[in-house]
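Below is one structure. I have some questions about it.
What follows draws every value from the coordinates through simple rules; no lab data is involved. Note that this is a predicted model, so its numbers are computed, not measured. No Cβ is skipped: glycine too gets one built from the backbone with ideal geometry, and neighbour counts run over all protein chains shown.
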Amino acid sequence: MNKRIVFMGTPLFAVPVLEGLIEHYNVVGVVTQPDKIVGKNKVKTPTEIKKIALKHNIKVFQPEKIKLEYEDILNLNPDIIITCAYGQIIPKAILDYPKYGCINVHASLLPKLRGGAPIHHAIIDGYSVTGITIMYMDIRMDTGDIISQESIKIEDNYTTSILHDKLSLMGKNLLLKTLPLIFDGNINKIKQDDNEATYGYNISKNEELIDFNKSSREVYNQIRGLCEYPGAYTSLDGKIIKVYESKIGENICNKPGEIIKIYKDGIGVSCKDGEIILTKIKPFGKKLMYCKDYLNGIKDKDKLVGKRFI
């Protein structure tokens, strides 16, 4: 089709969506966040979306503040603007411009989990189902009318990374099925019910801290929801330990946070209602390792029993 599309996105999640658009439509411009300084060597690094756009010789715009720098985008005369994990609030001047509107690919079943970290929160908050929503954008965050949705069951072994990859591909496929309906005017918009809304805001440092006063299921969900980034953490003997993998144990609880058993492959810790077994950790100043390797480096492992994570 000859419809002129401007795509707005930034992280890896948005890459399949952009690639699907490039394969089937006329993408005349890409808007993404400015390059970031990364690593000890302070290398200026482009976003994943910018890399794809340059590979296909598509114009790239990287405004620091899009609410002040959008004229070049409108000068592309887009018929539709599509966003996916862009990272800035889109001003009304852009929302009102395209003939077919501005639509967003969002990684939840709206109005559930509005916000910038819906995949993390779907796991952390114990959702059994999530999905993708294609929606019209408005001036508030993730509140526009729903155009289409598709759901996926969250399996008990899913981490944020696994769910991220599945939803990313689902987002591409659902968008490609939905766009012809938009262009043909063959859609039934659904207004969101604000009373049903929940929120998946960006993860705060406080949310990374493991609270062993919660149930073992809640702690398990938190660890697998944060395991790739930024990582859940606790401390032992005053030193930070990041926790990347765990499993729910069977022992009855004692004082929350107390080490109640040492296993060959993990450390059993008491929660509010039972046991969580830590199986993969990153002790302060050391590399990421399985707990069995960590324990192999400790002479008197049994002396850990009775100590508390805080």
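To the nearest µm²/s, what D does Stokes-Einstein give for segment 205-304 at 10 °C and 1.306 mPa s, using the Kirkwood radius over alpha carbon pairs as Rh?
120 µm²/s
Kindly identify segment 1-72 as rounded, prolate or oblate by the Cα gyration tensor criterion: order the square roots of the eigenvalues as a ≥ b ≥ c, call it rounded if a/c is under 1.5, otherwise compare a/b with b/c, prolate if a/b is larger, else oblate.
Note, shape of segment 1-72 comes out oblate.
Lysines within cross-link reach of Lys255: Cα-Cα under 18 Å, excluding same-chain residues under 8 positions apart?
Result set, ordered by chain and number: Lys214, Lys272, Lys303, Lys307.
Nearest 20 debye, what's the magnitude of the dipole of the chain about its Cα centre given +1 on Lys and Arg Cβ and -1 on Asp and Glu Cβ?
Here the chain has a charge dipole of around 1140 debye.
Sticking with this one: Quick one: net charge around Glu258, please, counting Lys, Arg +1 and Asp, Glu -1 for every other residue with C-beta under 9 Å from its C-beta.
+3
Ok, one more. Counting only C-alpha contacts under 8 Å and six or more residues apart, can you give the relative contact order of the chain as a whole percent?
Relative contact order comes out at 13 percent.
If the reach is capped at under 30 angstrom between alpha carbons, list the lysines near Lys191, excluding any in the same chain fewer than eight residues apart.
Candidates past the 8-residue exclusion: Lys3, Lys65, Lys67, Lys92, Lys99, Lys112, Lys153, Lys166, Lys172, Lys177.
Also, quick follow-up: What ranking do 158-164, 292-298, 176-182 get when scored by the average of other Cβ atoms within 10 Å per residue, highest first?
With the highest mean Cβ count within 10 Å placed first, the list reads 158-164, 176-182, 292-298.
Now, a different point. Excluding the sites themselves, what is the longest stretch of the chain that contains no GluC sites (Glu not before Pro) in a DSSP loop with at most 14 other C-beta atoms within 10 Å?
By the stated rule (loop sites, at most 14 other Cβ atoms within 10 Å), 70-154.
Still on this model: Taking the DSSP beta bridges in the chain as the whole, what percent of them are antiparallel, to the nearest 5?
Beta bridges within the chain, antiparallel portion: roughly 70 percent.
Toward the positive end of the charge dipole of the chain, about the Cα centre and with charges on Cβ (Lys, Arg +1; Asp, Glu -1), which of Ile210, Asn26, Ile187 goes farthest?
Ile210
Could you work out how far the C-alpha centroid of segment 1-59 sits from that of segment 168-226, in angstrom?
22 Å
Next question. How would segment 4-196 be classified by its alpha-carbon gyration tensor: rounded, prolate or oblate, with rounded meaning a/c under 1.5 and the a/b versus b/c comparison settling the rest?
Oblate is the answer for segment 4-196, as a/c is 1.5 or above yet b/c matches or exceeds a/b.
Now, a different point. Net charge around Ala197, counting only other residues with Cβ within less than 13 Å of its Cβ (Lys, Arg = +1; Asp, Glu = -1)?
That sum, taken over residues with Cβ under 13 Å, equals 0.
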